[in-house]
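Student: Input: one structure, supplied below.
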Amino acid sequence: MTKKLRSLNWNSRDVQTNPADDIQADPSRSKSSLEIHIRAELKAEELYRIRRAELSYEVQISLAYNSSDGASI
């Protein structure tokens, strides 16, 4: 190995980690915490889709009602 390559080669002992990278130091990074967060996001997306569908249905009903009355939008 050349000197330049040796200087680029590093050992895992030389790697400094941030305390936030340690799950024990930062419990919010634990697998179960991340899974809970993902589940909450998925639930929020599901509720958002349901609400959009409800609003869309309400708009369709309103448009149908208005068109049957001969009202224009």
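Student: Does the range 31-51 contain at least one residue that is of a type in the set (S, T, N, Q), surrounded by fewer than 10 Cβ atoms within 10 Å (Cβ to Cβ) and modelled with pLDDT under 95?
Tutor: Checked against the condition, which is being of a type in the set (S, T, N, Q), surrounded by fewer than 10 Cβ atoms within 10 Å (Cβ to Cβ) and modelled with pLDDT under 95, the range 31-51 yields at least one hit.
Student: So Ile61 passes all but one of these: (1) of a type in the set (Val, Ile, Thr); (2) under 22 Å from the mean Cα position of the chain (by Cα); (3) at pLDDT 85 or above. Which condition number does it fail?
Tutor: (2)
Student: Sticking with this one: Against the condition assigned to a helix (DSSP H, G or I) and either small (Gly, Ala, Ser) or modelled with pLDDT of 95 or more (or both), how does Arg6 come out, does it pass?
Tutor: no
The values are calculated or read from the model by the stated rules, or taken from the named source; none is laboratory data. Since the model is a prediction, treat every value here as computed from it, not as a measurement. Glycine also receives a Cβ, built like all others from the backbone with ideal geometry; neighbour counts cover every protein chain displayed.
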